[in-house]
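Any read-out appearing in this document is the output of simple, stated calculations on the displayed coordinates, not a laboratory observation. Bear in mind that the values here come from a model prediction, so they are computed numbers and not experimental data. Positions of Cβ are generated from backbone atoms using ideal geometry, with glycine treated the same way; all protein chains shown enter the neighbour counts.
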């Protein structure tokens, strides 16, 4: 994937020492070579079979059971937004454009987890784009402290906001919601014109100085993408009028009741609700609508209530399952099996221990021992439950 | 399903209660001792490996060959049986300090795919022990150990076939069993196909033959590359004998295979067959596990380690994911519970007796009942002895 030249002047915060720079210059190509040359699959075979104290100490990036990524580059998108290129180790499973990752970051001795959409994909690495919010503890910490060469822990890729195979798609995004949509369209444009759907993109920002990826989106026009960029607070600056209930049908004449278009929607709540109302007014079939929600971090919304409708992350299977009301009384094993996960299972009575997984985050009730959860006898009881090896 | 009588139900409930209480007590004690045990054992195994490989590489003459091979053998046995088999049961999953000994992270120093093993051994054999057409280990490969299983001409040769051909390379054959490849063989060659043999309730790699082959190759290559290529090559390149290292490693590999399979197999009774519904009543399930397994007397704790604590097979089958070194500690209490409820707690006087008894069963069921009758008629003096022999 073509990538524009990085910003000419390095961002203010980035001041690596000469030694750090040297290490990075030496080690980074080696890691890239190991991942590109050997491939993550062979690396996993090699590392898992040679795991010992010596290998773990000498190259903890590869000889580990955790999914880790190294920061390869930083790029400032605008005054408050920065992108980071991350090179994940062999535990990474190649994502589909539009998915997100969950990044763990240590701030003041406490580990925080945040979800970030993948904004760009390459063969071996990916980019995330982070907006520093005024009150955002983690986003500001990432901007200031996450430097080239740093290693971060992550989980993922997750999410179902991926291309569904339609012949034509309409992408509506606003603000930070541009990130997954940018990756989605960018990945589709990698395909040959014959295999590519017709694409219509509407991107909305508040002001031109808040915008991201605009120059690169403008280049999409050359490949036949229909593009509208609008600025809600400076409408005159944009190439397109700002979307509202009245002009929706003029801007998107393709989205009618009989439309076969896929609609991909991501943006702030108000924007999403406005689009939803407009789509309903057009009687657009909502099963063709894909929405990516930016939810508040799970660690901050926590419920003690039993039988909570949790989001259960089966990390080794790269699947996250959102429980529905009818799943409330199902064991974690039943939940996983019903969603098609090939979980190991034996007696289903908590005797044989075949279904055991380790609890990495969240809370469960039922049969547990330390952090070990007997899936066949345990139930989720926090908003988010993360299970792994 | 036959409904249980209320008095039986009460007995099973009491049995369940007793064994569950012992389980809770034992699991409550898990801690640093277990971490120390498994990490210490790994160190011991590595020390044996270093000394053994050093002697084979740099030594000359038969003494260093024998001593070196013995040390490597001890390393391989500890890794295969006590560490590998038990870690894959999830006996050390409870300790976040040692992720390398978690059942899914662990990589076996044996040519066996870990997931295949866990699914066949933990999920099926340990759950449906001795249940006809449900326990895949009861009829491992082509084995026939009871009269209910349809007889084929292959069974006539099962004793020499296993002892001379399968057992020395058994570790390389486990994948075929665990991946369900034996099913295909039996379907092709046995008149009644897989009748009586346990079907697998899982499919590895979605049954894709290419991906299964890849898994199989990878699990074997890590051992072949190390034992038969890397170490002989290193010895050869440094002016020592590559042949000596190769032969020692080959011998050790064969002995490890025999040791592992004989130990795991002979500590099971093949009869009585258990009922399919055992799992519906936990108390009954506990009894079925005790009836299906037999301990054997160990001369000391060190031998128990080399046998992977399978000399305490009863305790292992009752609590498969309890760290194995705790089995000897709980054995007296298990025996007390068995005495209280009048359950037979079987224990052979030794490993060799176990092997002898197991081979006798194999020999008996190599033949159909009619064949056995004819053979017994032909051997009149032995009739009484064979008839009175307990089927183990």
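Kindly identify segment A:153-307 as rounded, prolate or oblate by the Cα gyration tensor criterion: order the square roots of the eigenvalues as a ≥ b ≥ c, call it rounded if a/c is under 1.5, otherwise compare a/b with b/c, prolate if a/b is larger, else oblate. Let's see the in-between values first.
Working: a/c = 1.33, a/b = 1.29, b/c = 1.03.
Taking the square roots of the gyration eigenvalues as a ≥ b ≥ c, segment A:153-307 is rounded.
Quickly rank B:217-224, A:232-239, B:124-131 as a protection proxy: mean count of other C-beta atoms within 10 Å, highest first.
Order by mean packing, descending: B:124-131, B:217-224, A:232-239.
Take peptides B:366-372, A:374-380 and line them up by average Cβ neighbours within 10 Å, highest first, as a rough protection proxy.
The densest-packed peptide leads the list: A:374-380, B:366-372.
For chain A, modelled as a GNM with alpha-carbon contacts under 10 angstrom, which of A:327, A:41, A:342 fluctuates the most?
Answer for the Gaussian network model of chain A: A:342.
Is the shape of segment B:141-205 rounded, prolate or oblate, going by the alpha carbon gyration tensor and its root eigenvalues a ≥ b ≥ c, with a/c under 1.5 for rounded and a/b larger than b/c for prolate?
Oblate shape, in that a/c is at least 1.5 and b/c is the bigger or equal ratio.
Please give, to one decimal in nm, the separation of the simple spin-label points placed at residue B:189 and residue B:352, each 7 Å out from Cα toward the Cβ.
That separation, rounded to one decimal, is 3.3 nm.
How shielded is B:113-121 by partner chains, expressed as the average number of their Cβ atoms within 10 Å of its Cβ atoms?
Per residue, the number of nearby Cβ atoms from other chains is 1 on average.
In degrees between 0 and 90, to the nearest 10, how far off the longest principal axis of chain B does helix B:61-77 point, with axes built from Cα atoms?
Tilt of helix B:61-77: around 50 degrees.
May I ask for the distance between the Cα centers of segment B:310-386 and segment B:116-160, given as a whole number of Å?
For segment B:310-386 versus segment B:116-160, the Cα centre distance is 16 Å.
Ratio of Rg to Rh for chain B, alpha carbon only, Kirkwood?
0.98
What spacing in nm lies between the two simple spin-label points modelled at residue B:379 and residue B:211, each 7 Å away from Cα in the Cβ direction?
Placing both labels 7 Å beyond Cα along the Cβ direction yields 5.0 nm.
For the protein assembly as shown, report the % of Cα-Cα distances exceeding 40 Å. Intermediate results must be reported in sequence, preceding the final value.
On the way: 141548 of 304590 pairs.
The proportion of pairs with Cα distances above 40 Å equals 46 percent.
Other chains' Cβ within 10 Å of A:354-360 residues: what's the mean?
6
Across the Cα atoms of segment B:18-128, what radius of gyration and what greatest pairwise Cα-Cα distance (Dmax) are found, in Å?
Radius of gyration, then largest Cα-Cα span, for segment B:18-128: 17.1, 58 Å.
Give the separation of the Cα centroids, segment A:365-379 to segment B:226-243, in Å.
Centre-to-centre (Cα) distance: 48 Å.
Would you mind giving the mean number of other chain beta-carbons within 10 Å of the Cβ of each residue in B:91-102, as a whole number?
Numbers: counts 1, 0, 10, 7, 3, 5, 0, 0, 6, 6, 0, 7.
Whole-number average of other-chain Cβ neighbours for B:91-102 is 4.
Once you order the gyration tensor axes a ≥ b ≥ c over the Cα atoms, which shape class does segment A:34-98 get: rounded for a/c under 1.5, otherwise prolate or oblate by comparing a/b with b/c?
prolate
Using a 7 Å offset from the Cα along the Cα-to-Cβ direction at both residue A:135 and residue A:73, what is the distance between the two label points in nm, to one decimal?
It is 3.5 nm.
Using a Gaussian network model of chain A whose springs link C-alpha atoms within less than 10 Å, name the residue from A:155, A:40, A:324 with the highest mean-square fluctuation.
Among A:155, A:40, A:324, the largest mean-square fluctuation in the Gaussian network model of chain A belongs to A:324.
How much length is gained on full extension from residue B:277 to residue B:250, taking 0.36 nm per residue of separation minus their Cα-Cα distance? Working shown, then result.
Values: separation 27, 0.36 × 27 = 9.72 nm, distance 4.40 nm.
Contour length minus the Cα-Cα distance gives 5.3 nm.
Can you list the equivalent-ellipsoid semi-axes of segment B:185-244, largest first and in whole Å, using the square root of 5 times each Cα gyration tensor eigenvalue?
40, 15, 8
Of A:252, A:182, A:126, which is the most mobile in a GNM of chain A whose springs link Cα atoms less than 10 angstrom apart?
Of the options given, A:252 has the highest mean-square fluctuation.
Please work out the C-alpha center-to-center distance from segment A:265-279 to segment A:65-143 and express it in whole Å.
Value for the Cα centre distance between the two parts: 26 Å.
Suppose we keep just the alpha-carbon trace of segment A:14-166; what are its Rg and Dmax in angstrom?
Cα-based Rg and Dmax for segment A:14-166 come out at 15.9, 51 Å.
Residues in segment B:271-305 near a label at residue B:147, defined as backbone nitrogen under 16 Å from the 7 Å Cα→Cβ point?
Only B:271-273 pass the distance filter.
How long are the three semi-axes of the equivalent ellipsoid of chain A, in whole Å, if each is the root of 5 times an eigenvalue of the C-alpha gyration tensor, listed from largest down? Walk me through the intermediate numbers first.
Values: eigenvalues 253, 171, 77 Å².
So the three semi-axes of chain A are 36, 29, 20 Å.
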